[in-house]
Amino acid sequence: MMNNYNWCHGTECHTYETQDRLRGVKGNKVLRTRKIKVKDWHSPTSSWNWFCSHQCQQDFWRKYGSQIRAIAPRNEPLETPVDVIKEEKVGYSGHRFTETKIKPIQTQV
């Protein structure tokens, strides 16, 4: 059976002072990282299966962004070949306009 929860990967999640992070009994309280329910309607790679908030996601990127980018550095731009198609059209009120469509060209790999 698949695990239905992940712990938030935000590096500071356990430090934010919110009621839902508060755990323990009087005299022995802690702030705990949030538990995130994995949602079926999210893509498995969706950040919302790994981070409880934008703040936590930003904390993670601030701490680990350089290391992650070092795995696959980008030293040149990526390009997608496209066709630009311009069509003359007539609007509802009779005015003429040009509609521009950009369509990727399917390339053989």
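Miscellaneous remarks
- Annotation note: Cβ proximity below 7 Å between a residue of region 54-73 that is under 20 Å from His14 (Cβ atoms) and a residue that is surrounded by 12 or more Cβ atoms within 10 Å (Cβ to Cβ) and among the aromatic types (Phe, Trp, Tyr) (sequence gap 6+ or interchain) occurs for Gln57/Phe51; Phe60/Phe51.
- Boolean, Val38 is farther than 25 Å from Glu17 by Cα and surrounded by 10 or more Cβ atoms within 10 Å (Cβ to Cβ): no
- Residue pairs whose Cβ atoms lie under 7 Å apart, sitting 6 or more positions apart in sequence or on different chains, and linking a residue in region 1-23 that is surrounded by 14 or more Cβ atoms within 10 Å (Cβ to Cβ) to a partner that is among the hydroxyl-bearing types (Ser, Thr, Tyr), are Trp7/Thr33; Cys8/Thr33; Cys13/Thr33; His14/Thr33.
- Residue check, Lys86 in a strand (DSSP E or B) and either polar (S, T, N, Q) or within 30 Å of Thr107 (Cα to Cα) (or both): yes
- The numbered conditions (1) of a type in the set (Val, Ile, Thr); (2) more than 22 Å from Tyr5 (Cβ to Cβ); (3) at pLDDT below 95 are all true for Thr100 except (3).
- So Leu31, is it free of Cβ contacts under 8 Å to residues at least 40 places away in the same chain, farther than 30 Å from Ile102 by Cα and over 18 Å from the mean Cα position of the chain (by Cα): yes
- Within the option set Gly65, Gly10, being part of a helix (DSSP H, G or I) and either at pLDDT 95 or above or under 21 Å from the mean Cα position of the chain (by Cα) (or both) holds for one residue only, Gly65.
- Test result for Thr80, part of a loop (DSSP other than H, G, I, E, B), within 16 Å of the chain's Cα centre (by Cα) and at pLDDT below 95: no
- Apart from one condition, Val30 fits all of (1) among the β-branched types (Val, Ile, Thr); (2) exposed (fewer than 15 other Cβ atoms within 10 Å of the Cβ); (3) at pLDDT below 95; the exception is (3).
The values are calculated or read from the model by the stated rules, or taken from the named source; none is laboratory data. Keep in mind that this is a model prediction, so the values were computed, not measured. Positions of Cβ are backbone-derived with ideal geometry, glycine not excepted, and every protein chain shown enters the neighbour counts.
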